[in-house]
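Okay, structure first, notes after.
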Amino acid sequence: MATRYWVISLPVQNSAASLWSRLQESISKRSFDTLLYRFNIPNIRVGTLDSLLSLSDDLLKSNSFIEGVSHKIRRQIEELEKVSGVVSSSLTVDGVPVDSYLTRFVWDEAKYPTMSPLRETVDGIHVQIAKIEDDLKVRVAEHNNVRSQLNAINRKQAGSLAVRDLSNLVKPQDIITSEHLTTLLAVVSKYSQKDWLSSYETLTTYVVPRSSKKLHEDNEYALYTVTLFSRDADNFRTKARERGFQIRDFEYNPETQESRKQELEKLMQDQDTLRSSLLQWCYTSYGEVFSSWMHFCAVRIFVESILRYGLPPSFLSVVLAPSVKSEKKVRSILEELCDSTNSTYWKSEDDGGMGGALGGDADAHPYVSFTINLI
């Protein structure tokens, strides 16, 4: 599938059918690898010249906005498919692949009545796309919020013993809690374990001898228990800190443990549900945005052609997908099909003509031209 297309309109001197035949013949002979299609635009309500001039000023900016929203949704789809392990699927508009929808474009009269003022059609498309973009932001934020909560929990589980959640490392039998005794959890540097084992009993007076047991070890630290009289706990924390041992605050609570487990399971379920829902919404919304974008492009090519070639509307609009190496050749073919004096006037700045002075893709040629980038 091509990802970059040109939408072109050429002025018709005699008949659109004969111009189309000449274009097909030239492309097939001199640039046979270039895809070429008619871009059919219905008889749209023209309005006044002033209204077209006013509309033309907004078309480029609006096109950038719509194209940007299209790309945002596409990137979101790619990200979600990658995370979900979903095989990338062809994006569609009502079941039709987007490239086919573009190259076989048919105006939707029911959605965009051709007798409506062009400004009304363009503004309606802009409002619709803006609403979809706002909806995207809300849905992505909701999904990212759950993902952030999960990431925070996972960081706690994956960090070093100095910072990670210890609840899944400690069993009920590791903790002694009575009227007079309590068990503390000490985080000891991996290389200070001998020091801990030889000194913990004498850090304070009321430590239970041989009460320290190693529960876990990571790349940096080891986790030990130590049992002592409750009244001596604060003093022990102070003495341990002076020796470089960290006493972690921890209270074993089976209900809290179960609650955390359920919270984690719910977050994981919510993330899967939100991700699936967001992906399906993106598939549908991309189709809506793309369809609106193509109708917008039809209005744009119509307006620019009227302003370029005059009234009554007499132009041939087409879609091409030339390869990079064929672009100059195709541009040459298109210029040859325009009036020769007009072609000289509209040469690009590099050739000393007016095209570069006016700027913009559409103004650099003696015909109307702009690019559609699908990605």
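The values are calculated or read from the model by the stated rules, or taken from the named source; none is laboratory data. The structure presented is a predicted model; accordingly, all values stated were derived computationally and were not measured. Here the Cβ positions follow ideal geometry from the backbone for every residue, glycine too, while neighbour counts run over all protein chains shown.
Specify the residue that is farthest from Gln13 (Cα to Cα); the eligible residues are those in the range 286-328 that are in a helix (DSSP H, G or I) and over 35 Å from the mean Cα position of the chain (by Cα).
Restricting attention to the range 286-328, the residues satisfying the condition of being in a helix (DSSP H, G or I) are 286-309, 324-328.
This time we only want the ones that are over 35 Å from the mean Cα position of the chain (by Cα), so: 306-309.
Details: Ile306: 14, Leu307: 16, Arg308: 14, Tyr309: 11 Å.
Filtering first and then ranking leaves Leu307.
What residue, of Ser277, Ser305, is modelled with pLDDT of 90 or more and more than 21 Å from Leu60 (Cα to Cα)? Give the derivation first.
Details: Ser305 fails: more than 21 Å from Leu60 (Cα to Cα).
Just a single option satisfies the conditions, and that option is Ser277.
Could you check how many residues of the range 190-225 are in contact with a Leu (Cβ under 8 Å, 6 or more places away or on another chain) and charged (D, E, K, R)? Working first, answer last.
Taking the range 190-225 and keeping what is in contact with a Leu (Cβ under 8 Å, 6 or more places away or on another chain), we get 204, 206-208, 211-212, 214-218, 220-225.
Imposing the further condition that a residue be charged (D, E, K, R) reduces the set to 214, 217-218, 220.
Qualifying residue count, the range 190-225: 4.
State whether one or more residues within the range 134-153 are under 30 Å from Phe302 (Cα atoms) and in the same structural domain as Val299 (by TED's automatic domain parsing). Steps first, please.
Start the filter on the range 134-153 by keeping residues that are under 30 Å from Phe302 (Cα atoms), which leaves 134.
Now narrow it down to the ones that are in the same structural domain as Val299 (by TED's automatic domain parsing): 134.
Scanning the range 134-153 turns up at least one residue that is under 30 Å from Phe302 (Cα atoms) and in the same structural domain as Val299 (by TED's automatic domain parsing).
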Quiz prompt | Selection from the range 244-292 of residues that are farther than 30 Å from Ser89 by Cβ and aromatic (Phe, Trp, Tyr) | solution = Phe245, Phe250, Tyr252
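Quick check, is Ala222 within 20 Å of Glu179 (Cα to Cα), of a type in the set (Gly, Ala, Ser) and out of contact with any Asp or Glu (no Cβ under 9 Å at 6 or more places or on another chain)?
Numbers: within 20 Å of Glu179 (Cα to Cα): no; of a type in the set (Gly, Ala, Ser): yes; out of contact with any Asp or Glu (no Cβ under 9 Å at 6 or more places or on another chain): yes.
Answer is no for this residue.
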Practice problem: Starting from the range 270-293, keep only residues that are under 18 Å from Tyr101 (Cα atoms), then list their pairs with residues that are acidic (Asp, Glu) whose Cβ atoms are within a distance under 8 Å, requiring at least 6 positions of separation or different chains. | Solution: Ser285/Asp135; Gly287/Asp94; Ser291/Asp94; Ser291/Asp108; Trp293/Glu67
